[in-house]
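The values are calculated or read from the model by the stated rules, or taken from the named source; none is laboratory data. Here the structure is a predicted model, which is why all the values come from computation and not from measurement. In this analysis, Cβ positions are derived from the backbone assuming ideal geometry, glycine residues included, and neighbour counts consider all displayed protein chains. Please note that ligands, DNA and RNA were not included when accessible areas were found on the heavy atoms of the full protein model with its side chains. Shrake-Rupley method; radii C 1.70, N 1.55, O 1.52, S 1.80 Å.
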Amino acid sequence: MNRPSKSKNSTTQPTSYFSQCLGKELYLLRKDQKKSIKLVATDTKMSPSTITKVEKGLLKNFYPSRLYMLCEYYNANIRDVVGRASDKDRANTI
């Protein structure tokens, strides 16, 4: 049986399910506010690629400061966002 190949770019490898849940929460916030990735990237001074990777849970170096910045940008309570992601993560692992 072959082992999955490892990509040279470790920032595009799936991280944890929690990261995916957190990304989904941020995606939903962006969509609810009808904002494009390009607009969010410009306003937060992050690249569109970074925003996309965050929303897909593929960014390994997702710093808390980025989460804080995005929650502040979306005018969302960081505790609520992390709490919803955590609830989804727990529901998947039980």
Only one of (1) closer than 19 Å to Gln33 by Cα; (2) within 13 Å of the chain's Cα centre (by Cα) does not apply to Tyr63, and that is (1)
When only residues in region 6-41 that are exposed (fewer than 14 other Cβ atoms within 10 Å of the Cβ) and modelled with pLDDT of 95 or more count, which is farthest from Asp80 (Cα to Cα)? Lys38
Within region 42-94, residues open to solvent by less than 30 Å² (accessible area, probe 1.4 Å), more than 19 Å from Tyr17 (Cβ to Cβ) and of a type in the set (A, V, I, L, M, F, W, C) come out as Met46, Ile51, Leu70, Cys71, Ala76
Flagged pairs (Cβ under 6 angstrom, 6 or more apart or on separate chains; first in region 71-82, of a type outside the set (Val, Ile, Thr); second assigned to a helix (DSSP H, G or I)) are Cys71/Ile78; Cys71/Val81; Tyr73/Thr44; Tyr74/Leu29; Ala76/Leu29
Selected residue (criterion: nearest to Asn92 (Cα to Cα)) from residues of region 42-64 that are modelled with pLDDT of 95 or more and small (Gly, Ala, Ser): Ser49
